1. Which of the pairs 75/259; 2/199; 281/345 have their Cα atoms more than 20 Å apart in this structure?
2. Where nothing but the Cβ of Lys and Arg (+1) and of Asp and Glu (-1) is charged, how large is the charge dipole of the range 11-60 around its Cα centre, in debye to the nearest 20?
3. Charges only on Cβ, +1 for Lys and Arg, -1 for Asp and Glu: so what's the dipole of the chain about the Cα centre, in debye to the nearest 20?
4. With each pseudo-label sitting 7 Å past Cα toward Cβ, what's the residue 129-residue 290 distance in nm, one decimal?
5. What size of dipole, in debye to the nearest 20, comes out for the range 279-360 about its Cα centre when the only charges are +1 on Lys and Arg C-beta atoms and -1 on Asp and Glu C-beta atoms?
6. Extension gain residue 344-residue 20, at 0.36 nm per residue separation less the Cα-Cα distance, in nm?
7. Taking only DSSP H segments of four or more residues, each worth -39500 (n - 2.57), what value at 222 nm results for the chain once the sum is divided by all its residues, to the nearest 500 deg cm²/dmol?
8. Would you be so kind as to identify which of 141, 327, 206 lies farthest towards the positive end of the dipole of the chain, taking Lys and Arg as +1 and Asp and Glu as -1 on Cβ and the Cα centre as origin?
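Every number here is computed from the coordinates shown, using simple stated rules; none is lab data. Everything numeric in this text was worked out from a predicted model, so none of it was measured. Here the Cβ is made from the backbone with ideal geometry for all residues, glycine too, and neighbour counts use every protein chain on show.
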Amino acid sequence: MKNTALSHIHESLGAKMVPFAGYNMPVQYEGVNIEHETVRNGVGVFDVSHMGEFWLRGAKALDLIQKVCSNDASKLVDGKAQYSCLPNNEGGIVDDLLIYRISSEEYMLVVNASNIEKDWNWISSHNDLGVEMENRSDDYSLLAVQGPKAAEALQSLTSVDLINMKYYTFDFGTFAGVEDVILSATGYTGSGGFEIYFKNQDAEKIWNAVLEAGASFEIKPIGLAARDTLRLEMGFCLYGNDIDDTTSPIEAGLGWITKFTKEFTNSENLKKEKERGPENKLVAFELDDRGIPRQGYDIIDGNGNIIGRVTSGTQSPSLGKGIGLGYVPVIFSDPGSKINIQIRKKSIPATVVKLPFYKS
């Protein structure tokens with residue numbers, strides 16, 4: 001099992017460590033609900049150094065990205081990022097990812113930790129364009145500083161204007177005395193904030209600087225469990241739960257990152273699916289009674305028939321009720337539709353709702 005450059009610090013802080021995507025990661029420190037509220041109302045810092053980073057360079061770098069990704073990366077300009085996915089040939093998704101345009105001939109792709117090798121092999125297998133590819137995943141650390149106080153907490157550490165940094169943009173700059181750090185504002189919590197990419201050798205220095213600068217804003221380290229409840233309240237998909245090799249971007253509600261203005265892997269079939277409409281859709285639901293929906297629980301109709309399964313579920317710290325995502329036939333997908341979640345031996349009524357669950 002791999003450690004991040006900061007695993008020893010998490011252990012010294014008393015974090016509960018768990019194996020995640022092959023890494024030794026902090027799942028919680030004080031407790032999920034406390035950490036969740038810290039990010040919603042203040043500022044917290046996540047070590048997400050397990051994520052993967054690929055660099056693509058050359059005159060045909062954009063062509064390769066366009067070929068393997070569903071979104072239209074030609075819309076990017078320098079300093080802009082984009083959410084996209086890698087469709088497979090069977091109608092499913094290899095992974096979801098972020099595309100950062102550094103220049104017209106240089107891009108950084110940020111992929112999920114559990115899919116680093118799979119994604120690298122997939123993109124490489126389509127690289128008949130002579131694009132220079134570099135996997136820097138083991139060289140880089142990544143912190144996500146999230147919450148409404150994030151910009152104020154970090155601004156003293158850099159001359160990059162964080163206060164006015166727009167959503168899905170990024171910049172290079174000196175941060176905490178370290179040069180050539182990438183600062184971006186993509187976020188996975190719905191409460192604003194920044195990602196900080198830097199070399200492993202600078203990890204401790206930057207971690208300590210972030211906690212010191214954020215001390216007056218009551219910054220706290222946050223574990224992956226709260227990251228999951230925060231992203232679920234926003235309805236953001238998690239690869240391996242809500243999307244995978246068998247789910248199409250159309251049924252997952254990712255039609256907005258699936259652009260048919262160009263050709264890409266399996267685009268013809270996905271276009272047909274969009275035109276005729278998918279059979280199943282990923283929906284958000286809230287429980288009408290007490291209970292906590294969990295991944296894998298059956299979704300049933302009023303007659304007790306199994307119609308789907310929960311892909312993500314939790315007790316929402318912000319809403320104080322059970323919430324979840326799951327695939328159901330289209331006839332059950334409209335907001336207000338009534339479904340039931342099988343929790344142990346009880347059938348708990350639930351209502352399909354519009355995302356996000358949490359509205360700030």
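1. On the way: 75/259 11 Å; 2/199 16 Å; 281/345 26 Å.
Pairs exceeding the cut-off: 281/345.
2. Numbers: 4 positive and 6 negative charges, 74 e Å.
Rounded to the nearest 20 debye, it is 360 debye.
3. Values: 35 positive and 48 negative charges, 240 e Å.
So the magnitude is around 1160 debye.
4. It is 5.6 nm.
5. On the way: 11 positive and 7 negative charges, 58 e Å.
My answer is approximately 280 debye.
6. Numbers: separation 324, 0.36 × 324 = 116.64 nm, distance 2.64 nm.
So the extension gain works out to 114.0 nm.
7. Calculated at 222 nm, the ellipticity per residue is -5500 deg cm²/dmol.
8. About the Cα centre, the residue reaching furthest to the positive side is 327.
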